Amino acid sequence: MKRHLLSAADLSRDDAELVLSTAAELRSLADRPIKKLPALRGRTVVNLFFEDSTRTRISFEAAAKRLSADVINFAAKGSSLSKGESLKDTALTLEAMGADAVVVRHGASGAPHRLAHSGWVRSSVVNAGDGTHEHPTQALLDAFTLWRHLGEEKRGGLEGRRVAIVGDVLHSRVARSNALLLKTLGAEVTLVGPPTLLPVGVEEWGVETSYDLDAVIPKVDAVMMLRVQRERMQGGFFPTPREYSRRYGLDGRRMATLQDHTIVMHPGPMVRGMEITADVADSDRSVIVEQVTNGVAVRMAVLYLLLGGSESESNE
Ligand code: NCD
């Protein structure tokens, strides 16, 4: 593995499979009464969140704590400094505190790259979501969830499996990281959304695209729904929310056209009634809550592998 995890493209197939198999081992901890391992004792993980987050921040915090690392949470929201300055100043502070890993979420695409390659910090940098760009640990937890559900761990993993990623692809770092990682793992991805919400140049991502949700979903093994990210939209990308839901929302009628084994995913936060109806979100096919559980195991695996947890463990 590289020293930083900035993009899903940083992971070779071997790297990604190592994260998934490590996460599988660590996942069993979640079911034990005592969920802690000493692997990262004495190491410091800083969670640096410039943008709102519920799941991702808590998930990284839980992951680091379960590996016995010290965790510092830094919510930088409300800073009046310009982004470049505040990032540099914060980075120097973190360096002074002796951070071993910095988990960063930032509204600006590329901020984690700046942190990793500026020379401001010596720690490993993990991208926990940068603007509309990437969110590699979300892609890893999604791949892990697919792996477990499609039951193909021993028979070629996700090779040839079909996944539809549906909705606001344009503003979604989750979609971009998933498209990259799923391709690395040999899956076939179709991005579905209105033309206004599919990015220009998406042909170069090496995936299929479609504007027709009904035509795509009966053929896939998993449907991943995306939130419509209104906070990143200035203009009108679709006529009305009602029209959007009618064409691109997953409701009970559409769910009935899925194959028996097909699962429904969502990275959260969901807007029930917009991209997904409550009955679908709460149905047996939905693995949305399990994605959150898996997120902790996958982030433990990432921190463990990046910080060389096995070495520090054997030194004790
Ligand atoms: C996503 C994000 O922040 O990119 N959520 C997450 O990390 N679980 C998706 C979103 O905000 O819709």
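Points worth noting:
- For the stretch 11-52 and the stretch 260-277, distance of Cα centres in Å: 25 Å
- The relative contact order of the stretch 136-291 comes to 24 percent, based on Cα pairs under 8 Å that sit 6 or more residues apart.
- For the stretch 197-213, 3J(HN,Hα) computed residue by residue from phi via the Karplus equation (6.51, -1.76, 1.60; θ = phi - 60°) reads 10, 9, x, 5, x, 5, 4, 6, 6, x, 10, 7, 10, 8, 9, 10, 4 Hz, glycine and proline entered as x.
- Sequence-distant residues sharing a close amide H with residue 107 (under 5 Å, placed H): 131
- Most simply put, the chain has about 5% antiparallel DSSP beta bridges, counting only bridges with both residues inside it.
- Report note on the peptides 142-148, 36-42, 107-113: ranked by the mean count of other C-beta atoms within 10 Å, highest first, their order is 142-148, 107-113, 36-42.
- Angle in degrees between helix 288-306 and the longest Cα principal axis of the chain, rounded to the nearest 10: 40 degrees
- With the helix formula -39500 (n - 2.57) applied to DSSP H stretches of n ≥ 4, the chain reaches a computed 222 nm mean residue ellipticity of -11500 deg cm²/dmol.
- For the stretch 124-198, the gyration tensor built on C-alpha atoms gives an oblate shape. Its axis ratio a/c (a ≥ b ≥ c) is at least 1.5, and a/b is not larger than b/c.
- Each 5 Å bin from zero up to the one holding the largest Cα-Cα distance in the stretch 136-291 carries the following percent of pairs: 2, 9, 21, 24, 23, 14, 6, 1, 0, 0.
- Karplus 3J(HN,Hα) series, Hz, for the stretch 269-280 with 6.51 cos²θ - 1.76 cosθ + 1.60 (x for Gly, Pro): x, 8, 10, 4, x, 9, 8, 8, 8, 4, 5, 6
- Solvent exposure of the stretch 136-291 as accessible area per residue, Å², 1.4 Å probe: 43 Å²
- Rounded to 10°, Cα long-axis angle of helix 55-66 versus longest principal axis of the chain: 40 degrees
- Evaluated on the chain, the Kirkwood hydrodynamic radius is 20.0 Å, with distances taken between all distinct Cα atoms.
- Residue pairs, from the table 36/88; 2/183; 2/65, whose Cα atoms sit over 26 Å apart: 36/88
- Taking the accessible area of the chain, probe 1.4 Å, and keeping the other protein chains in place, the carbon and sulfur fraction comes to 49%.
- In summary, the aspartates and glutamates within cross-link reach of residue 35, defined as a Cα separation below 20 angstrom excluding same-chain residues under 8 places away, comprise 25, 61, 70, 290, 313, 316.
The values are calculated or read from the model by the stated rules, or taken from the named source; none is laboratory data. Please read these numbers as outputs of a predicted model, since none were measured by experiment. Positions of Cβ are backbone-derived with ideal geometry, glycine not excepted, and every protein chain shown enters the neighbour counts. Heads up: the accessible areas ignore ligands, DNA and RNA and are worked out on the full protein's heavy atoms, side chains in. Shrake-Rupley method; radii C 1.70, N 1.55, O 1.52, S 1.80 Å.
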